[in-house]
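Scroll down for the structure; my scribbles are underneath it.
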Amino acid sequence: MKDQLKSIYEEAKIKIERASDSAELERLFIEYLGRKSKLTNLLRNIKNLPVQERGETGNLANRIRQAIESGIRTRRQGLKAPTGHKTLIDRTLPGIMPALGHYHPLTKFIRLVESIFISMGFEVVSGPEIELAKYNFDLLNIPQDHPARDLWDTYYIKAAQGNKSFEQKEQLLLRTQTSPVQIRAMLKRQPPVRLIAPGRVFRHEATDSSHESTFYQCEGLVIDAGVKVTDLIGTLSIFLKRIFGENVKIRVRPEYYPFVEPGLDFDIRCQLCGGQGCSVCSQRGWLEILGSGLVHPVVLKNMGVDSKKFSGFAFGLGLDRLMMLSNGVKDIRLSYLGDLRFLRQF
Ligand code: PHE
């Protein structure tokens, strides 16, 4: 009988250990401890044993009963509050930080540009991306039939048919440059004026590593008594040194823009190839980064400024290109892909 008891115990132990849910534990409880179980039967038969065996066997049977019962109880608790490694919660471990985004590299760069000009006494203004042709062209000394208008051919916008709230009397377009903000700003200001106007512009353009159809410019306008070309070159040189360091190589060449006279383009040594020539600088070693000049007297007049008393300079920076050069980015299109592998590097 002792052997029978021991084998029941061994069998029950294994089954209890392997039980995968509480329903199975209930079944095992009945199987081993229920009224009709083998163990209960054996316990009942103890009284038929020879007297000298009864005590010892009864003792063993009771211990086995208790062991099976406590085994089932322990496993039942274990299943309610699992302690397996997979589900173990260690409250002392640091929590999982939620992923935090950050500003786009262009936004960061625009803020840097703004802070540099603000430190030189400029104010920051903005204008609409959908612009009237008169501000984008006519008042900037680019009349209807001027060939320069072709260079800046753009997307024109029609009001939706039947739109009562907006009656289109003037030509609307996606602005090709931030220069219209010069005119808009001067409708509300009198010299002396120092302002910048960063913003998005749109071009009818085939894209490549250094051209996009949508990109950012930053317009600048200074109007005061006796403003000269040297003020323009001085201001922009300081700005470029603040961005690229004291040793930046700058080249200034004459260029034509209808709204300035004289007009100047600023190039900087291509930072990506050090001037050797690469795809970003079209093998030239120099990159055009801004157009500028002294504000044309006709434009001053259109702004309501007396060109006998005041003169001024204006410039338009290509923010995307400057950002690329200062960060070593080789393709302008990367800024607009929304690819996290690119964005996470900033
Ligand atoms: N608006 C010109 C462009 O988009 C740049 C520019 C601005 C040139 C101001 C001269 C003065 O190319």
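The values are calculated or read from the model by the stated rules, or taken from the named source; none is laboratory data. In this text, all values refer to a predicted model and were calculated from it rather than measured experimentally. As a convention, Cβ positions derive from the backbone with ideal geometry for all residues, glycine included, and neighbour counts pool all protein chains shown. Each accessible area value is taken on the protein alone, full model and side chains, heavy atoms only, with ligands, DNA and RNA left out. Shrake-Rupley method; radii C 1.70, N 1.55, O 1.52, S 1.80 Å.
Here are some notes:
- As a summary of the residue check, Ile243 satisfies the conditions (1) closer than 22 Å to Gln177 by Cα; (2) away from the ligand (no atom under 16 Å from the Cβ); (3) aliphatic (A, V, I, L, M) except for the one numbered (1).
- Check on Asn247, open to solvent by 30 Å² or more (accessible area, probe 1.4 Å), of a type outside the set (Asp, Glu) and touching a residue at least 60 places away in the same chain (Cβ under 8 Å): no
- Residue, modelled with the highest pLDDT, within segment 88-113, restricted to residues that are open to solvent by less than 80 Å² (accessible area, probe 1.4 Å) and over 30 Å from Arg321 (Cα atoms): Gly95
- Near pairs, Cβ below 7 angstrom, 6+ apart or cross-chain, from segment 190-216 (free of Cβ contacts under 8 Å to residues at least 24 places away in the same chain) to any residue that is away from the ligand (no atom under 13 Å from the Cβ) and among the polar types (S, T, N, Q): Glu205/Ser213; Ser213/Thr207
- Segment 176-215, residues that are touching an Asp or Glu at 6+ places or on another chain (Cβ under 8 Å), closer than 22 Å to Gly304 by Cα and within 12 Å of the ligand (Cβ to nearest atom): Gln177, Thr178, Ser179, Pro180, Val181, Gln182, Ile196, Ala197
- Scanning segment 221-244 for residues that are open to solvent by 20 Å² or more (accessible area, probe 1.4 Å) and either not assigned by TED's automatic domain parsing to the domain that holds Leu319 or not aliphatic (A, V, I, L, M) (or both) gives Asp224, Gly226, Lys228, Thr230, Asp231, Gly234, Thr235, Ser237, Lys241, Arg242, Phe244.
- Condition met for Gly304 (more than 23 Å from Ser210 (Cβ to Cβ), away from the ligand (no atom under 16 Å from the Cβ) and open to solvent by 40 Å² or more (accessible area, probe 1.4 Å)): yes
- Close pairs (6 angstrom Cβ cut-off, 6 or more residues apart or separate chains): under 17 Å from Asn41 (Cα atoms) and open to solvent by less than 80 Å² (accessible area, probe 1.4 Å) in segment 1-26, part of a helix (DSSP H, G or I) and of a type in the set (Gly, Ala, Ser) anywhere: Leu5/Ala61
- Yes/no for Arg341 being touching a residue at least 24 places away in the same chain (Cβ under 8 Å) and outside any strand (DSSP E or B): no
- In the condition set (1) touching a His at 6+ places or on another chain (Cβ under 9 Å); (2) free of Cβ contacts under 8 Å to residues at least 24 places away in the same chain, Lys308 is compliant with all but (1).
- Cys218 open to solvent by less than 60 Å² (accessible area, probe 1.4 Å) and away from the ligand (no atom under 16 Å from the Cβ): no
- When segment 278-295 is filtered for residues that are open to solvent by 10 Å² or more (accessible area, probe 1.4 Å), more than 16 Å from the ligand (Cβ to nearest atom) and in contact with a strand residue (DSSP E or B) (Cβ under 6 Å, 6 or more places away or on another chain), only Trp286 remains.
- Any hit, segment 319-329, residues being without any contact (Cβ under 8 Å) to a residue 12 or more places away in the chain, in contact with a helix residue (DSSP H, G or I) (Cβ under 7 Å, 6 or more places away or on another chain) and small (Gly, Ala, Ser): no
- Residue list for segment 114-141, filter: outside any helix (DSSP H, G or I), open to solvent by 20 Å² or more (accessible area, probe 1.4 Å) and free of Cβ contacts under 8 Å to residues at least 60 places away in the same chain: Pro128, Ile130, Leu132
- Any hit, segment 246-258, residues being among the aliphatic types (A, V, I, L, M), touching a Gly at 6+ places or on another chain (Cβ under 8 Å) and under 30 Å from Ser119 (Cβ atoms): no
- Note on segment 194-206: residues that are closer than 15 Å to Thr154 by Cβ and open to solvent by 20 Å² or more (accessible area, probe 1.4 Å) total 6.
- Of the residues contained in segment 267-277, none is found to be open to solvent by less than 70 Å² (accessible area, probe 1.4 Å), in the same structural domain as Asp320 (by TED's automatic domain parsing) and within 11 Å of the ligand (Cβ to nearest atom).
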